[in-house]
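I have placed the structure first, in the form of structure tokens, so that the comments after it can refer back to it.
The values are calculated or read from the model by the stated rules, or taken from the named source; none is laboratory data. Bear in mind the structure is a predicted one, so any value in this text is a computation, not a measurement. We place every Cβ from the backbone using ideal geometry, glycine too, and count neighbours over all the protein chains shown. SASA here: full protein model, heavy atoms, side chains in, ligands and nucleic acids out. Shrake-Rupley method; radii C 1.70, N 1.55, O 1.52, S 1.80 Å.
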Amino acid sequence: MAIDRAEVERIAELARLEIAPERMGRMATELSAVLEFVAALGRLDLARLAPSTFAPAGTPLRADELDDRRIPAAEALSAATEHDDGFFLVPPIVENVNP
Amino acid sequence: MAYEAVIGLECHIQLATRTKMFCGCPAEFGAAPNSNVCPTCLGLPGALPRTNRAAVDAALRLGLAVGCELRPVSEFARKNYFYPDMPKNYQITQYDRPLCEGGALPVALEGGARRFGLIRIHVEEDTGKSFHPERHGDRPVSRVDFNRAGVPLLELVSRPDFRAPAECAAFLTALRRLVRWLGISDADMEKGHLRCDANVSLRPLGQEAFGTKTEIKNLNSIKGVEKGLHAEIARQRALLESGGRIEQSTLLYDADHDRLAVMRSKEYAHDYRYFPDPDLPLLVVEETWIEDARGALPELPWAREARFATQYGLPGYDAAVLTETRELADYYEDLARGLDGKLASNWVMTEVLRAVKEESLTLAAWSAKVPAGRLRGLLAKVAARELPGPLAKQVFAWMRDEDGTVDELLERHGVRAQGSVAELEPLVVAVIEAHPGPVAQYLAGKTATLGFLVGQVMKRSGGQAVPQVVRELLEAELARRSGS
Ligand SMILES: [Zn+2]
């Protein structure tokens with residue numbers, strides 16, 4: 001499966017990555033190679049094996065009890081691109097357009 | 001052309017657990033923004049989720065209550081998306097192997113009860129809360145609080161079986177009663193404990209195929225659900241009637257302005273690329289767990305409502321009001337022991353509920369103040385005609401503020417209950433005979449004169465009578481005389 005420039009542009013948009021136009025071609029080639037590498041798995045004969053997407057079942061569930069892994073708000077916000085008054089700031093989520 | 005609306009609901013029920021779905025942060029509402037967060041619910045690298053057993057248990061109880069098929073082995077999936085309200089950029093939910101499937105919720109409608117079918121109920125985590133649109137300097141921004149990110153939710157998806165907004169409102173009312181009844185959610189829509197999205201399409205009446213649907217989000221009150229749906233149905237109808245086409249889209253309902261707004265670019269919105277979450281084991285629910293949950297289920301609200309109507313001979317309206325909450329139903333049943341069911345119902349529906357409302361009490365606080373057994377003592381006297389209605393209401397008022405049994409209250413307030421009507425009646429007759437002038441004035445329509453007559457009876461009773469009782473007896477006696 002090959003990835004073309006348009007697909008790279010879309011993935012970049014979704015992942016909020018800026019990719020310079022001159023690097024688009026190279027990125028498409030590299031991503032295609034990654035997919036090809038993974039696609040090799042698809043050629044294995046796994047017909048006799050049950051899928052095992054998960055960690056083993058039977059892992060105990062957590063009791064509904066508070067723990068002490070909380071981190072202070074200031075620390076939580078410190079990694080954010082922007083924050084204000086205790087909130088993370090992000091690009092506006094809703095456009096007010098009349099349908 | 002006549003159109004028919006086809007509506008399906010997707011409800012999110014925030015569970016009343018102490019901690020979040022996959023971490024031990026408090027799930028409480030109202031903390032300072034971004035203060036109930038940890039590496040897991042912030043999606044920091046290397047932090048692993050662990051499933052909260054109480055949340056799964058709540059899902060089992062709801063699933064059992066509405067007759068779902070329970071899947072012994074279900075799985076968690078990642079729903080990938082690019083709204084900034086989830087720090088991981090995915091939400092852990094259930095996808096093609098949900099915990100509960102099928103089932104139906106009985107809903108009271110005008111003209112009888114109807115069962116609305118369900119497609120599924122699954123467990124998932126809530127997203128963070130975003131506030132939008134706001135401004136920061138000269139730029140529009142959204143603000144995000146991750147306290148809610150990871151709080152346990154149940155998602156319940158109905159079949160598209162609703163044809164009118166009123167049916168949806170009744171369904172939500174029934175769902176709210178049920179989840180409160182089961183003790184799994186506070187279901188306060190204003191606080192977002194119960195949220196609802198709706199899918200709506202129109203089709204020409206009689207046509208089988210569905211029309212293009214839109215999704216309305218943010219329907220955060222039962223009234224809002226009805227109004228939002230009415231607005232969207234009207235919009236679609238106008239568009240279709242003018243020859244237009246419905247675009248598949250997601251709309252946000254603004255209840256304050258009764259207005260719908262389109263959410264941002266839909267192109268990618270439904271491409272969630274679900275896949276099994278490799279960080280979580282399969283969710284295995286053993287048969288013993290299911291049986292324990294089934295055994296712990298209370299009598300369900302609709303069953304109790306039906307039983308109240310038959311066992312206590314109550315009208316449907318009374319049975320519905322009394323089963324609005326489990327606490328109220330318990331209080332009523334305790335009160336009604338050995339009494340006429342309708343008498344007990346009248347007192348709960350008028351006096352008790354009014355008092356609870358006036359004093360802004362929870363029913364638990366009310367029960368601590370006036371336990372059902374204490375009120376039963378009063379109603380037993382009413383039933384035995386030992387207390388006239390107005391005096392009973394006076395005793396009830398004293399009960400609200402003071403300790404003591406009915407007899408103690410009567411004694412404390414200097415009112416002799418036994419035979420008080422029998423003792424007062426001769427006084428009433430005597431006063432009427434002794435004051436023909438005022439009586440004639442009263443009978444001629446000058447009703448203010450009644451106060452004078454009440455005063456006279458009070459005087460003759462040595463101040464022992466309750467004015468309201470005297471007034472009632474006088475009115476009855478005077479009415480009889482004017483009639484004859
Ligand atoms: Zn956490």
* Quick one: accessible surface of B:Phe452, probe radius 1.4 Å, all protein chains present, in square angstrom to the nearest 10. => 90
* Asked: Which three semi-axes in whole Å describe the equivalent ellipsoid of region B:299-396, each the square root of 5 times a Cα gyration tensor eigenvalue, listed largest first?
  -> 21, 17, 11
* Can you pull out the GluC sites (Glu not before Pro) in region B:70-165 that DSSP calls coil and that have at most 13 other Cβ atoms within 10 Å? -> B:Glu110
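Classify region B:359-484 as rounded, prolate or oblate, taking a ≥ b ≥ c as the square roots of the eigenvalues of its Cα gyration tensor: rounded when a/c is under 1.5, otherwise prolate if a/b is larger than b/c and oblate if not.
Prolate, since a/c reaches 1.5 and a/b exceeds b/c.
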* To do: Over the protein assembly as shown, give the accessible area per residue in Å² for a 1.4 Å probe, as an integer.
  => 50
* Asked: B:Lys227: accessible area at probe 1.4 Å, nearest 10 Å²?
  -> 90
* Structure fact -> Chains B and A: accessible area buried, summed over both chains, 1.4 Å probe, nearest 100 Å², reads 4700
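Filter the GluC sites (Glu not before Pro) in region B:370-426 down to the DSSP loop ones having no more than 13 other Cβ atoms within 10 Å, then list what survives.
Values: sites: B:Glu386, B:Glu402, B:Glu408, B:Glu411, B:Glu423; in loops: B:Glu386, B:Glu402.
Sites meeting the loop and neighbour criteria: B:Glu402.
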* Structure fact -> In this structure, among B:Lys342/B:Lys393; B:Lys20/B:Lys129; B:Lys129/B:Lys223; B:Lys88/B:Lys217; B:Lys20/B:Lys191; B:Lys191/B:Lys369, pairs with alpha-carbon gaps over 19 Å are B:Lys129/B:Lys223; B:Lys88/B:Lys217; B:Lys191/B:Lys369
* Using the alpha-carbon atoms, what tilt in degrees (0 to 90, nearest 10) does helix B:372-383 show relative to the longest principal axis of chain B? -> 40
* Pull the list of chain B cysteines that no other Cys approaches to under 4.7 Å, Cβ to Cβ. => B:Cys11, B:Cys23, B:Cys25, B:Cys38, B:Cys41, B:Cys168, B:Cys196
* Inverse mean reciprocal Cα-Cα distance (Kirkwood Rh) of chain B, Å -> 26.8
* Structure fact -> Pseudo-spin-label distance B:Ser242 to B:Ala444, built 7 Å along Cα→Cβ, given in nm, is 7.1
* For region B:66-109 and region B:331-401, write down the distance between their C-alpha centroids in whole Å. => 44
* Asked: Kirkwood hydrodynamic radius (Cα pairs, Å) of the protein assembly as shown?
  -> 29.0
* Ignoring ligands, DNA and RNA, what percent of the accessible area of region B:74-215 is carbon or sulfur (1.4 Å)? -> 47
* Asked: Computed over the Cα atoms, what is the radius of gyration of region B:430-473 divided by 2.2 N^0.38 Å, N being its residue count?
  -> 1.09
* Structure fact -> Probe 1.4 Å, all chains present, heavy atoms only: B:Tyr274 accessible area in Å², nearest 10, is 70
* Asked: What is the dipole size for the protein assembly as shown, taken about its Cα centre, with +1 at each Lys and Arg Cβ and -1 at each Asp and Glu Cβ, in debye to the nearest 20?
  -> 1060
* Asked: Percentage of Cα-Cα pair distances in region B:120-241 greater than 22 Å, rounded to whole percent?
  -> 47
* Once every DSSP H run of n ≥ 4 in chain B is given -39500 (n - 2.57) and the sum is divided by its residues, what mean residue ellipticity at 222 nm do you get, rounded to the nearest 500 deg cm²/dmol? -> -12000 deg cm²/dmol
* Asked: Between region B:1-48 and region B:418-479, what is the C-alpha centre distance in whole Å?
  -> 65
* GluC sites (Glu not before Pro) within region B:157-255, DSSP loop, no more than 16 other Cβ atoms inside 10 Å -> B:Glu208, B:Glu247
